[in-house]
Amino acid sequence: MLVSAKDMLNKARDGKYAVGQFNINNLEWTKSVLLTAQELNSPVILGVSEGAGKYMCGYKTVVGMVSGMLEELKITVPVALHLDHGSYEGAIKCIEAGFSSIMFDGSHYPIAENIEKTTELVKICNDKGLSLEAEVGSIGGEEDGVVGMGECADPEECRQIADLGVTMLAAGIGNIHGKYPENWQGLSFETLAAVKERTGDMPLVLHGGTGIPEDMIKKAISLGVAKINVNTECQLSFADATRKYIEAGKDLQGKGFDPRKLLAPGAEAIKATVKEKMELFGSVGKA
Ligand code: 13P
């Protein structure tokens, strides 16, 4: 059964480790993440962006696929199915479809509007026992080939949003989605410490987990980060393994064209990436 992310994140915050959110894009991906979490006895959060939800035939299909896998693969570790960077409308759709956790990203709205919409979702999620992530300070990344630098959130705005009663808070601390540019300044631990000071026990979320050096990941965890999102690194390892398989000519010979064989190296590569991250985040054995 899918669970809210609340307990796993509170435990992670207290135990000074982080739970990984791995974004899923298809059946193979999902299976790889779930099997790795089970093998390592780690809690896990499956992230679904609105685009990935659409690609996988809508949120109900995703809920059906993941719920079916939990049962058929006999997954017993805690698993949350989480909307990633949701709009208000997307959040409502995912709640109706049976997601167990929601991110409402109101960071692009003026703070008053972010507060208003987040407040409404806090009520709905509390009633249904779902966890809710809010965001302050937009997390940059590559858009149309232009890589934007990550913003740093205003710690006072973080306090205002945390006080609404969300389960977890994503605050921009110079992190960005996708690959980090050569001239990246690194995470702003000054901002993170200021956010932590004003938000108390609130588990903090670090987006853009791909490419952040290990020492920065560890320091972020020590300063209150309890959830780390990883997407691009799984995409890269999946694509690289698939490319190698095709370049080896295997898709053209014998039964190499069989989609189950064609996608197997990518699925194995995702398992390796998820394992590496769970070990780094310290969530192994914490289920
Ligand atoms: P990366 O794609 O940089 O790993 O970031 C993932 C993320 O933060 C999803 O919300």
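The values are calculated or read from the model by the stated rules, or taken from the named source; none is laboratory data. What you see is a predicted model; the values in this text were computed from it and never measured. For neighbour counting, all protein chains shown are included, and Cβ atoms are generated from backbone atoms with ideal geometry for every residue, glycine included.
Looking at 192, 187, just one residue is buried (at least 16 other Cβ atoms within 10 Å of the Cβ), of a type in the set (A, V, I, L, M, F, W, C), modelled with pLDDT of 95 or more and assigned to a loop (DSSP other than H, G, I, E, B), and that residue is 187. Residues in the range 166-180 that are within 12 Å of the ligand (Cβ to nearest atom), not in a strand (DSSP E or B) and not charged (D, E, K, R): 172, 175, 177, 178, 180.
Scanning the range 37-59 for residues that are within 14 Å of residue 19 (Cα to Cα), part of a helix (DSSP H, G or I) and aliphatic (A, V, I, L, M) yields 37, 40. Return the pair list, or none, for Cβ contacts closer than 6 Å from residues in the range 16-35 that are in contact (Cβ under 8 Å) with a residue 24 or more places away in the chain to residues that are part of a loop (DSSP other than H, G, I, E, B) and β-branched (Val, Ile, Thr), at least 6 apart or on different chains. If the second residue must be part of a loop (DSSP other than H, G, I, E, B) and β-branched (Val, Ile, Thr), the pairs left are 30/24; 34/75. Looking at this structure, is residue 189 within 25 Å of residue 84 (Cβ to Cβ), within 16 Å of the ligand (Cβ to nearest atom) and either touching a residue at least 12 places away in the same chain (Cβ under 8 Å) or over 18 Å from the mean Cα position of the chain (by Cα) (or both)? Judged against the criteria, residue 189 is not a match.
I'd like to check something: does the range 225-237 contain any residue that is farther than 20 Å from residue 150 by Cβ and either under 15 Å from the mean Cα position of the chain (by Cα) or modelled with pLDDT of 95 or more (or both)? Talk me through it step by step, then tell me what you get.
Going residue by residue through the range 225-237, those that are farther than 20 Å from residue 150 by Cβ are 234, 237.
Among the residues that remain, those that are also either under 15 Å from the mean Cα position of the chain (by Cα) or modelled with pLDDT of 95 or more (or both) are: 234, 237.
The answer is yes, given that some residue of the range 225-237 is farther than 20 Å from residue 150 by Cβ and either under 15 Å from the mean Cα position of the chain (by Cα) or modelled with pLDDT of 95 or more (or both).
Entry remark, the range 237-256: residues being of a type in the set (A, V, I, L, M, F, W, C) and in contact (Cβ under 8 Å) with a residue 24 or more places away in the chain number 3 in total.
Looking for something free of Cβ contacts under 8 Å to residues at least 40 places away in the same chain and touching a helix residue (DSSP H, G or I) at 6+ places or on another chain (Cβ under 6 Å) - is there at least one such residue anywhere in the range 192-203? Yes.
Filter the range 41-58 for residues that are small (Gly, Ala, Ser) and in contact with a Leu (Cβ under 9 Å, 6 or more places away or on another chain); which is surrounded by the fewest Cβ atoms within 10 Å (Cβ to Cβ)? Result: 49.
Annotation: residue 100 fulfils all but one of (1) surrounded by fewer than 24 Cβ atoms within 10 Å (Cβ to Cβ); (2) out of contact with any Gly (no Cβ under 7 Å at 6 or more places or on another chain); the unmet one is (1).
Does residue 109 qualify as being surrounded by fewer than 18 Cβ atoms within 10 Å (Cβ to Cβ), out of contact with any His (no Cβ under 6 Å at 6 or more places or on another chain), within 24 Å of residue 206 (Cα to Cα) and among the hydroxyl-bearing types (Ser, Thr, Tyr)?
Working: surrounded by fewer than 18 Cβ atoms within 10 Å (Cβ to Cβ): yes; out of contact with any His (no Cβ under 6 Å at 6 or more places or on another chain): yes; within 24 Å of residue 206 (Cα to Cα): yes; among the hydroxyl-bearing types (Ser, Thr, Tyr): yes.
Spelling it out, residue 109 is indeed surrounded by fewer than 18 Cβ atoms within 10 Å (Cβ to Cβ), out of contact with any His (no Cβ under 6 Å at 6 or more places or on another chain), within 24 Å of residue 206 (Cα to Cα) and among the hydroxyl-bearing types (Ser, Thr, Tyr).
Applying the criterion of being touching a residue at least 60 places away in the same chain (Cβ under 8 Å) and in a loop (DSSP other than H, G, I, E, B) to the residues of the range 106-144, the residue that is farthest from residue 208 (Cα to Cα) is 129.
Of the set (1) part of a loop (DSSP other than H, G, I, E, B); (2) within 16 Å of the ligand (Cβ to nearest atom); (3) not charged (D, E, K, R), all apply to residue 17 but (2).
When the range 202-254 is examined, which residues are found to be among the aromatic types (Phe, Trp, Tyr) and within 13 Å of the ligand (Cβ to nearest atom)? Even if it seems obvious, please write down each step before you answer.
Kept after step one, since they are among the aromatic types (Phe, Trp, Tyr), are these residues of the range 202-254: 238, 245.
238, the sole residue that qualifies.
The set of residues in the range 66-90 being within 18 Å of the chain's Cα centre (by Cα) and either part of a strand (DSSP E or B) or not hydroxyl-bearing (Ser, Thr, Tyr) (or both) consists of 66, 77, 78, 79, 80, 81, 82, 83, 84, 85, 86, 90.
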